[in-house]
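Below is one structure, written out as structure tokens, with a few remarks after it.
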Amino acid sequence: MVGPLLHQLFRNWRQIGKSGCISCRNYSFDKKKVLGKLKTMKLNTPEFRSLFTPELKQLTELFKQYNYELRIAGGAVRDLLSGKPPNDIDFATTATPDQMMAMFNSEGIRMINAKGEKHGTITARINDKENFEVTTLRIDVETDGRHAEVEYTRDWQLDANRRDLTFNSMFLGFDGTVYDYFNGREDLEKRLVRFVGDADARIKEDYLRILRYFRFYGRIAVDGNKHEPKTLQAIRENAEGLKGTSGERIWMELKKIITGNHSPSIMRVMTELQLLKYFGLPSNPNIDELEIVWKRSRQMEPAPMTLISALLAEVKEVYTLQERIKMSTVELQTGIFIVRYRNEGDSSDLLNYSQELMIDTMGKEPKVKDRVTELLKYKGQLDVLEKFCEWSPPKFPIGGKHLVERGIKGGPKFAKILQELRMIWKRSGYKMSESELVDKIDEVRERIK
């Protein structure tokens, strides 16, 4: 009789846990806690006070009225402690999604983005002015390195434990109290990037955290290469897990790393750790070229693909990268354009070269001015870039309709004739008129077989 009784008690305990009972939930996952000691402090900065819009005040009063705890979570707390106004604010609560929906419905508050409910997130729109994403405290019950099966809890430390880095695991109450379980504030002040608890365990929960580590290292660290050896060892041992990470997620992080602080140093470390093959990048990229391009182009804010191009030796490597990370067509074409033309052009007359390059390729590629602009950033030519951006190319006077009117049908020859006419116009200093170029059509047609 004891066996079936215990089995039934376990089933009941699981059901109670899912309903949000605090005693059962905390008991269930005590073993998952990382040893940490709660530290608190008071925050009362202009950036913090500026958050209190009428809509946020209404939200906080509502949760208080229904006896649910609500705090600001994660990155917004980190930014506020750094003296920066946060771009996005995430909220965490002890209320379950069902409890939040019942509460918002009873108060006539509209909810949007229903897809978030399965992840424990409810988005409330208050006064038709502000959206607030509120997520129930969670724990990872089971993970495969990409996705996690989660269950709800009322324990703030358990939720902090499931987060990646110490300074992303803090919470902030609306009275200004910062709740810090894992020395996140101290690490932030010392500009240290550390995983919550054991780095190996945190990475195994989501292998993308390898890239998140390097992205935040670029944002937080002062020294370009002062990583803790045990962190790098954990990354090295888990690198293969990136094989199963989607290219889109990798590309989102890689773009932030390549344009951030210490980019060449970070890429050098990732090369040494043999990570780049999982991104679709060559195993031995040209880091020296990246360092040159990164330093001379920083003030011009180059596109991520402009800097990535420095790592690639030839066009086929751009296509290899595309196969892995699924970049946009614009990014792909930018990479091809830069790799193809970066070593061409007379530096003494780069403006004229850039103008001619644009005119020569205008009929072949869309958005070519944007690509020439990125090429000039790659070359680090700010003065030429400014003049080029102010310049408007002359308009080619004729188009395909003129050829059709002369009985020329579409096809490879059609495109060649049009391009040859463009070259004739270019050699004239862009001065030949529409009628003069039309008169050249038959001559060009005879010449091009």
**Request:** From largest accessible area down, sort Val193, Val330; use a 1.4 Å probe on the protein chains.
**Result:** Val330, Val193
**Fill in**
Options (i) 47; (ii) 41; (iii) 38 are given for percent of Cα pairs over 36 Å apart, and the computed one is (i)
**Item:** the stretch 371-449 versus the stretch 276-319: alpha-carbon centroid distance in Å
**Value:** 31
**Request:** May I ask you to rank Lys295, Lys449 by accessible area, largest first, using a 1.4 Å probe over the protein chains only?
**Result:** Lys449, Lys295
**Request:** Take every Cα pair under 8 Å in the chain that's 6+ residues apart, average their separations, divide by the length, and report that relative contact order as a whole percent.
**Result:** 10
**Request:** Mind listing the long-range amide H neighbours of Tyr181? Cut-off is under 5 Å, sequence gap 5 or more, other chains count too, H placed in the peptide plane at 1.01 Å from N.
**Result:** Lys39
**Asked** So which lysines pass the test for Lys395, namely a Cα distance under 18 Å, with those fewer than 8 places away in the same chain ruled out?
**Response** Lys364, Lys367, Lys369, Lys426, Lys431, Lys440
**Message:** For a test of the definition: using alpha carbon positions, the gyration tensor, and the 1.5 limit on a/c, classify the stretch 244-360 as rounded, prolate or oblate.
**Reply:** prolate
**Fill in**
With Cα coordinates, the longest principal axis of the chain makes an angle with the long axis of helix 209-220, in degrees rounded to 10, of 80
**Request:** Could you sort 418-427, 392-401, 308-317 so that the peptide with the highest average Cβ count within 10 Å comes first and the rest follow in order?
**Result:** 308-317, 418-427, 392-401
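The values are calculated or read from the model by the stated rules, or taken from the named source; none is laboratory data. None of these values were measured; they are calculated from a predicted model. Cβ sites come from the backbone with ideal geometry, for glycine too, and all protein chains shown count toward neighbours. Each accessible area value is taken on the protein alone, full model and side chains, heavy atoms only, with ligands, DNA and RNA left out. Shrake-Rupley method; radii C 1.70, N 1.55, O 1.52, S 1.80 Å.
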